[in-house]
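Here the structure comes first, spelled out in structure tokens, and everything after it is commentary.
The values are calculated or read from the model by the stated rules, or taken from the named source; none is laboratory data. None of the values given here were measured: they were computed from a predicted structure. Cβ placement follows ideal geometry from the backbone for every residue including glycine, while neighbour counts extend to all protein chains displayed. All accessible areas refer to the heavy atoms of the entire protein, side chains included, with ligands and DNA or RNA removed. Shrake-Rupley method; radii C 1.70, N 1.55, O 1.52, S 1.80 Å.
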Amino acid sequence: RWIIRQTRELTIQSKRMIFALHRFRPLEKNEKLLKDGEIAATKLYQIVQNIYGLLEDEEDYWRMLPKISFGLQEFIEAVSFLHYIKTKDIIKCSEIESRINTPHDMIKTGENKEDVLDTNQMEVESKTKLAWKFRVTLEDYLLGIADTTGELMRLATTCAGAGDQKSPMEILKLVRELYSILLPVTMRPRDWGKKLEVMLASLKKIERLCYKLHIQGKEYPPHLLKKILSSTSNNEYGDV
């Protein structure tokens, strides 16, 4: 029962982190947002580590996986979105696994007490030297990455509305590559086909956005183009 509670908390906190990251402001440094994002990501990793510590062994992991997969996918979506904002690239599955298997992951850079993680807050009995390593399945990783493309579509819209014409083109290139890689993949999860459909819809919206940037960018001066895109982006591109 405690594992289920932790999984629900993981899902909730992952959604909150994604929502907060959409406050990203193109053409600005966003130092506080990135700092807060790292703190939030560390909290997510700690929740996953708590789930890891509560599992008896690898057999118990596979038995509980159907009940924790959804939370793991939301978690992967959140940390992948942050990783893209920081690096303009997609986080590797091995990077996620490595950090999960590093005990007592903690950030000490917070200026306020609530920014510094309390290692006792959600601490489970010490199991830092378990005989098995936590694994992120390929299915959970790819489903989480597929969901990330929806966040990238929204980010592209935000960038265009703020007058940043370069970032949407970069996002378009990445999402095209991801879709071409994931399209031939066949997986057991029933919602994989639906995920690909949503991913394609996001890709088409980014393509229309970039087309509009390219065509109208030649017709209007930058300040007027920014106003046009800012006023139309929410209605035209923000409903995925």
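Laid out as a table, the results:
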| read-out | value |
| --- | --- |
| Accessible area, probe 1.4 Å, largest first, for residues Phe24, Phe134 | Phe24, Phe134 |
| Nearest-10 value in Å² for the accessible area of Arg16, using the 1.4 Å probe | 140 |
| Distance between modelled label sites at Val198 and Ala20, nm, 7 Å Cα→Cβ extension | 2.3 |
| Within region 13-31, backbone nitrogen closer than 14 Å to the virtual label 7 Å beyond the Cα of Arg99 toward Cβ | 14, 17-18 |
| Accessible area (Å², 1.4 Å probe, nearest 10) - Trp192 | 10 |
| Accessible area, probe 1.4 Å, largest first, for residues Ser180, Ser14 | Ser180, Ser14 |
| Stokes-Einstein D in µm²/s, Kirkwood radius over Cα pairs - region 1-108 at 37 °C with 0.692 mPa s viscosity | 228 |
